[in-house]
Structure formats: C-alpha cells, structure tokens
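*Asks:* This is the structure I want to talk about, given as structure tokens.
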Amino acid sequence: PESIASIILGIVVGLFFKSHYKNTGLLKILEFEPHTFFLFLLPPIMFQAGFSMRASTFFRNIITINSFAIFATIIASFIFSFIFAVRRKLD
C-alpha cells in the first residue's frame, strides 16, 4: 500500500515537472540515474526485505538462497574474468 502511493506520487510529481519545466535545466538535474539507484536506493530496499522476513521462512529456504548466491558469484566471476581477458588482449 505505501509503495503504491509512493509510485503514484512519483508519477504525478514527475509529470508536473516534465510539463512545467520543459526548457529549463531543472529536468537535467532531476534525471534518473541508474547508478544512483543501484548505489543508494537498492541496498535499503533489499535490507528491509530481508529484515522483515520471518526467520522460519529464511531457514526453510536457506539451501535455495545459498545456492543462488554461490552460483551467481561463480558465474559473475567467470563473466568478468572473460571480459577482462578479452579486453587485455585487445589493448
């Protein structure tokens, strides 16, 4: 419920700024940056989701959570190693 209200409020405020400040530099300042989202907004969202989870639900799914974490880490390390190796050969 609060998240839906926040989304609707954000849409309304965004449409207001977009319609009233078209040719000013204000829209450039208010432009959404994905880097900002991943660095500042996503960690508190993930923390709150994990913090509000019941302990029994967490421990019931601990094997799934750990397997996703381990396999995702291994896959990401291989992908980044491949990208760095290819890039090193190109330089």
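*Asks:* Quick one: is F38 closer than 26 Å to S3 by Cα and under 18 Å from the mean Cα position of the chain (by Cα)?
*Replies:* Details: closer than 26 Å to S3 by Cα: yes; under 18 Å from the mean Cα position of the chain (by Cα): yes.
In short, yes.
*Asks:* A further question on this structure: For segment 9-32, which residues satisfy the criterion of being open to solvent by 80 Å² or more (accessible area, probe 1.4 Å) and modelled with pLDDT of 85 or more?
*Replies:* L9, I11, V12, L15, F16
*Asks:* Give me the residue from segment 47-65 that is surrounded by 10 or more Cβ atoms within 10 Å (Cβ to Cβ), within 19 Å of S3 (Cα to Cα) and not small (G, A, S) and, out of that set, farthest from the chain's Cα centre (by Cα).
*Replies:* Within segment 47-65, the match that is farthest from the chain's Cα centre (by Cα) is M53.
The values are calculated or read from the model by the stated rules, or taken from the named source; none is laboratory data. Bear in mind that the values here come from a model prediction, so they are computed numbers and not experimental data. Because the Cβ atoms are built from the backbone with ideal geometry, glycine has one as well, and the counts that use them run over all protein chains shown. Quick note on the areas: whole protein, heavy atoms, side chains included, nothing else; ligands and nucleic acids left out. Shrake-Rupley method; radii C 1.70, N 1.55, O 1.52, S 1.80 Å.
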